[in-house]
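Inspection log for the structure reproduced underneath, given as structure tokens.
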Amino acid sequence: TLESAVYSDVNIIVCDGSSDYLDEQLNVTNKILTEIGVKSNIITVINKCDLLDNTEHFDNNSILISAKNNQGIDVLINKIQEVLIDTFVKTRLTLNYNEIGDFTKNIGFLESYTLTYTDDNVFADVVVKKVYFNKFAKFKK
């Protein structure tokens, strides 16, 4: 649904580059996304670039691909990774056993985690959105 776009880490708009209505479709899509509050992490993908004679009129931020010919897919993957790297922190936290309660209070903010237990500490390898990292910063030792 459109509402899920507001909460997404990245939104990818895929358009048919050979469509006569491409500009209109992009304008409507961007207008709707703006109206519902999506302001960042939007990637515009123009598919079927292999069918186009001229691609110079496309926005420099658009990624041109041909899914059929696997053209530009590496550029798209790199862009997605770039956006996600700017969104998430992947790190190792060190917890004393008496800190586990504080850690688990905020565990819902983690995208993923793996715990490793030793005699003295618990190590948590975590992925967390940058906006929530402050909840775990005290465990970064």
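The values are calculated or read from the model by the stated rules, or taken from the named source; none is laboratory data. Please read all numbers here as calculations on a predicted model, not as lab measurements. Virtual Cβ from ideal backbone geometry, glycine too; neighbours counted across all protein chains shown. To get the accessible areas, we keep the full protein, side chains included, count just its heavy atoms, and leave off ligands, DNA and RNA. Shrake-Rupley method; radii C 1.70, N 1.55, O 1.52, S 1.80 Å.
Remarks
- Overall form of the stretch 77-136 per C-alpha gyration tensor (a/c, 1.5; a/b vs b/c): prolate
- Full extension of the chain segment joining residue 30 with residue 141 gains 35.7 nm, where the gain is 0.36 nm per residue of separation less the Cα-Cα distance.
- In terms of overall dimensions, the C-alpha atoms belonging to the chain reach 65, 33, 22 Å along their principal axes, ordered largest to smallest.
- Taking the chain and dividing mean pair separation by its residue count, relative contact order in percent (alpha carbons under 8 Å, at least six apart): 19 percent
- Of the solvent-accessible surface of the chain, computed with a 1.4 Å probe over protein heavy atoms with every protein chain present, carbon and sulfur atoms account for 48 percent.
- Put simply, the amide H of residue 12, placed in the peptide plane, has neighbours under 5 Å in 43, leaving out anything fewer than 5 places away on its chain.
- ³J(HN,Hα), Karplus 6.51/-1.76/1.60, whole Hz, each residue of the stretch 92-99, x for Gly, Pro: 10, 10, 10, 10, 6, 4, 6, 9
- Listed peptides 113-120, 18-25 by packing density, highest first (mean Cβ within 10 Å): 18-25, 113-120
- Once the C-beta distance of residue 18 and residue 86 is scaled by a Förster radius of 22 Å, the resulting FRET efficiency is 0.10 to the nearest 0.05.
- Between 0 and 90°, nearest 10: helix 22-35 axis offset from the chain longest Cα axis: 30 degrees
- Relative to the longest principal axis of the Cα atoms of the chain, helix 73-87 runs at roughly 40 degrees.
- Derived scalar couplings between HN and Hα for the stretch 106-122 equal 10, 4, x, 7, 7, 6, 7, 7, 9, 9, 10, 9, 10, 5, 9, 9, 10 Hz in order, rounded to whole Hz, by the Karplus curve 6.51 cos²θ - 1.76 cosθ + 1.60 (θ = phi - 60°), x for Gly and Pro.
- Under 18 Å from the residue 53 label point (7 Å along Cα→beta-carbon), backbone N, the stretch 4-27: 17-22
- Surface accessible to a 1.4 Å probe, per residue, for the residues of the stretch 42-141, Å²: 65 Å²
- Sequence-separation-based contact order of the stretch 28-103, relative, with Cα cut under 8 Å and 6+ spacing, percent: 22 percent
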